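The structure under discussion appears below in the form of structure tokens.
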Amino acid sequence: MRLESPPELEAFRKKVRAFVAENAPGVKRHAGVRAPEPELMPEIRRWTAALHEAGFLGIDWPVEYGGRPDAHPLESHIVVEEITRARTWQPIGAASLASAAIIDFGTDEQRARFLPRMRSAEDIWCQLFSEPGAGSDLASLQTRARLEGEGDDAVYVVDGQKVWTTNGQHSDMGYLLARTDPAAPKHKGITAFALDMRSPGVDLRPLREITGTTDFNEVFLDGVRIPASNVIGAVNQGWTVAMSSLGRERSGVAAHGVELFAVLDDLLELAGGSTAGGGPALNDSATRQRIGELATRVHVNAAMVHLTQSRMLSGTEEPADGAIGKIFFSELNHDMAEFGVGLQGTDGILTEADPAVRAGGWWQDAYLYARAYTIAGGANEILRTQIAERGLGLPREPRP
Ligand SMILES: Cc1cc2nc3c(=O)[nH]c(=O)nc-3n(C[C@H](O)[C@H](O)[C@H](O)COP(=O)(O)OP(=O)(O)OC[C@H]3O[C@@H](n4cnc5c(N)ncnc54)[C@H](O)[C@@H]3O)c2cc1C
């Protein structure tokens, strides 16, 4: 296992860092994968297009759409890390998921139609998978797509409801899963579609979360007509398409771990101005023990990311690597935010609207948001079962 990056990657990192410093749309106010305020959207689109143009996004795309075949497999990871380190905006939406599906399973016509508009950020994509009754058990999704007409006139008529649609309010296109064969076993009757979010019958309702922000939406689909030419992959093979693209998504969460070093610095600063045990918090034994423990976990998290990368490069990845990394990161992220709120004593209940709140309310918001990482991209309970079954080879849990 090697912990330092090869020189060519360090040179790439420097380039990305300089580019981010010069072009990024400023520091994000809130932690996590959040939806921007509408007025920031032109800037987010400009930034996303600039990252593509500079060769820092879509690195593994086909060359004719801007990809670079000579790229090092860790370059995409470095880009996410550098954007995270600068605490600025990652490109929003589900373009990385949707592009993976279109590149791996779409037709040439679909690649030519969709990829350039993703590159230029004219189209922001959202992910329309989860439903009120289908999250962890995604394959039980109930949204229906019924074929009408034939040949060039063939359309699918879609009815159902999606939920948790991150950035749906800013999206032009949706990567949708719907059931096309209700009689087939549940994994076999699903099809993937590209949905124009402005189609008649798409009713998007923003949800207001515990953080007070609107990052997710409900999406109601009522007689929505999707041209058959927007089916991604084969009809009834949507499960294979979705699992392949989700596999790419999970590897991305680990890169957010670099932010934890900055959060640790912030935690020290916060502790420096706090009291605990009747005196300055930094003199309090219990506070110091807790900071020491969190600092240890931040370093272990970074070491685990390096281990996973090193295995990825040598083709020795373990089936549970992604799940272990995601659980470790998301629980540490939660515990750091919780400790930051606790350090503020009774002021911990203030929110960002209160002028007296420390650090503009960043800790309170981060704490309320921290649960999101323990659910998104596979709930931690589900991932623990995966570690047991796939990683350790334990007997399969009885299915209901
Ligand atoms: C921040 C965030 C962003 C998201 N963005 C999107 C998006 O853009 N598009 C999209 O389609 N979806 C999105 N999701 C949805 C996400 O994929 C689901 O929340 C996730 O799959 C869990 O599904 P659920 O919420 O229905 O919970 P459920 O599956 O109902 O689970 C509820 C609880 O029960 C536990 N549980 C369920 N089954 C088992 C089991 N077999 N064994 C043990 N425990 C179990 C879970 O771990 C969880 O704690 C997002 C979620 C979050 C948190």
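Observations
- Segment Arg117..Leu307, full-extension length gain: 64.8 nm, with 0.36 nm per residue of separation and the alpha-carbon distance subtracted.
- Using a Gaussian network model of the chain in which every pair of alpha carbons under 10 angstrom is joined by a spring, one finds that among Arg68, Arg225, Arg144 the greatest mean-square fluctuation is at Arg68.
- Gyration tensor verdict on the stretch 251-391 (Cα atoms; rounded if a/c is under 1.5, prolate if a/b is larger than b/c, oblate otherwise): prolate
- Annotation note: trypsin sites (Lys or Arg not before Pro) in the stretch 312-400 located in DSSP loop regions with a Cβ neighbour count of at most 15 within 10 Å are Arg396.
- Crossing angle, helix 7-23 versus the chain [Cα axis fit, 0-90 degrees, rounded to tens]: 90
- Under the convention that each Lys and Arg Cβ holds +1 and each Asp and Glu Cβ holds -1, the size of the dipole of the stretch 88-179 around its Cα centre is about 320 debye.
- Computed label-point distance, nm, for sites His187 and Ser314 using a 7 Å Cα→Cβ extension: 3.1
- Gyration tensor verdict on the stretch 125-235 (Cα atoms; rounded if a/c is under 1.5, prolate if a/b is larger than b/c, oblate otherwise): oblate
- Taking only the alpha carbons of the stretch 293-347, we obtain Rg and Dmax values of 14.5, 50 Å in that order.
- Pairwise centroid distance, computed over Cα atoms, of the stretch 336-351 with the stretch 1-58, Å: 30
- One Cα centroid belongs to the stretch 79-96, the other to the stretch 142-185; the line between them spans 29 Å.
- Quarter of Cα convex hull surface for the stretch 353-400, i.e. mean projection, nm²: 5.4
- For the options Ala372, Ala286, Ala302, a Gaussian network treatment of the chain with springs between C-alpha atoms closer than 10 Å singles out Ala286 as fluctuating the most.
- Simple rule: put +1 on each Lys or Arg Cβ and -1 on each Asp or Glu Cβ in the chain, find the dipole, and look at Ala356, Ala281, Ala228; the Cα lying farthest toward the positive end is Ala281.
- Taking all C-alpha pairs of the stretch 7-92, those more than 16 Å from each other amount to 52 percent.
- Counting neighbouring beta carbons within 10 Å and listing from fewest to most, the residues Val27, Val33 come out as Val27, Val33.
- Magnitude of the charge dipole for the chain, about its Cα centre and with charges confined to Cβ atoms of Lys, Arg (+1) and Asp, Glu (-1), is about 460 debye.
- Kirkwood-type hydrodynamic radius, the chain: 22.7 Å, calculated from all non-identical alpha-carbon pairs.
Throughout, read-outs are computed from the coordinates displayed, never taken from laboratory work. In this text, all values refer to a predicted model and were calculated from it rather than measured experimentally. Neighbour counts run over all protein chains shown; Cβ positions are idealised from the backbone, glycine included.
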